[in-house]
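> Structure below; questions to follow.
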Amino acid sequence: MGMFSMRSGELIVCDQCDFLLRKNLIDMRGSSSCSRCGHVLFRTHPLGLHRCLIFLITAVVLFVIANIFPIVTISSDGLTNSSTLLEAVYRLFQDGIPSIALLVFLTAFLMPALQIFSLTYLLLPLKFGRIPLRFGPIFRLVHLVKTWAMLEVFMLGLIVTITKLNAFATVSPDIGLISFILLMISITAASANFDKHSFWKEVDAIKLRGQR
Ligand SMILES: [Zn+2]
């Protein structure tokens, strides 16, 4: 019984020459290249998941700071008002720009929250030698969210928001906003370090240990 017996029938396609390779014939350690054209199919980074988890912990801390502290301070007519992200979203909603409010909410709150949650759900149990419960849907969520949570969209939403708010007040950035930018960088780094091959390898290694 090999380590990858569970998915032994799975095939992998070389995206360079379309050659079909049986996954159990591929060495899962280190890098694997196509036996026909030599194209590198994937590389597993032994420390990738570990790095991913470190960026995730950083992201959790930043997410909390970013949502507790105000992102902007708005001054108009001698009045100063600081808003957190969710307050700013609510204000935008009330001021008649619901589409931008929704965009900011999705890209700056919901997507980062989902990304942090799903990756932590997958990786934290592994750290303790356990396989996350029913991880299938969460695993798919990671890929779904990855395609939708775009840093550029968030940045665009942010610029539009500040510009719109600036039209009727003076807006200056706050601690929350800086935390948000750092949060986006941490999440991008975490998801870049999440290697699904390393994840499967780890899951199989835990299963194997459990069978002994
Ligand atoms: Zn090939």
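The values are calculated or read from the model by the stated rules, or taken from the named source; none is laboratory data. All values derive from a computational prediction rather than experimental measurement. Cβ atoms come from the backbone with ideal geometry, glycine included; neighbour counts cover every protein chain shown.
> With the condition kept exactly as written, say whether any residue in segment 77-98 is under 30 Å from Pro125 (Cα atoms) and away from the ligand (no atom under 16 Å from the Cβ).
Scanning segment 77-98, I find no residue that is under 30 Å from Pro125 (Cα atoms) and away from the ligand (no atom under 16 Å from the Cβ), so the answer is no.
> Name the residue that is surrounded by the most Cβ atoms within 10 Å (Cβ to Cβ), counting only residues in segment 157-180 that are at pLDDT 85 or above and in a helix (DSSP H, G or I).
Filtering segment 157-180 for residues that are at pLDDT 85 or above and in a helix (DSSP H, G or I), the one surrounded by the most Cβ atoms within 10 Å (Cβ to Cβ) comes out as Phe180.
> Any residue at all in segment 33-55 that is within 16 Å of the ligand (Cβ to nearest atom), loosely packed, with under 13 Cβ neighbours inside 10 Å, of a type in the set (Val, Ile, Thr) and part of a strand (DSSP E or B)?
Yes, there is a match, as at least one residue in segment 33-55 is within 16 Å of the ligand (Cβ to nearest atom), loosely packed, with under 13 Cβ neighbours inside 10 Å, of a type in the set (Val, Ile, Thr) and part of a strand (DSSP E or B).
> Would you check if Met28 is modelled with pLDDT under 90, surrounded by fewer than 16 Cβ atoms within 10 Å (Cβ to Cβ) and away from the ligand (no atom under 16 Å from the Cβ)?
For Met28, the condition - modelled with pLDDT under 90, surrounded by fewer than 16 Cβ atoms within 10 Å (Cβ to Cβ) and away from the ligand (no atom under 16 Å from the Cβ) - is not met.
> Looking at Leu122, Leu102, Leu47 in this structure, which one is under 24 Å from Leu141 (Cα atoms), modelled with pLDDT of 90 or more and not hydroxyl-bearing (Ser, Thr, Tyr)?
Leu122
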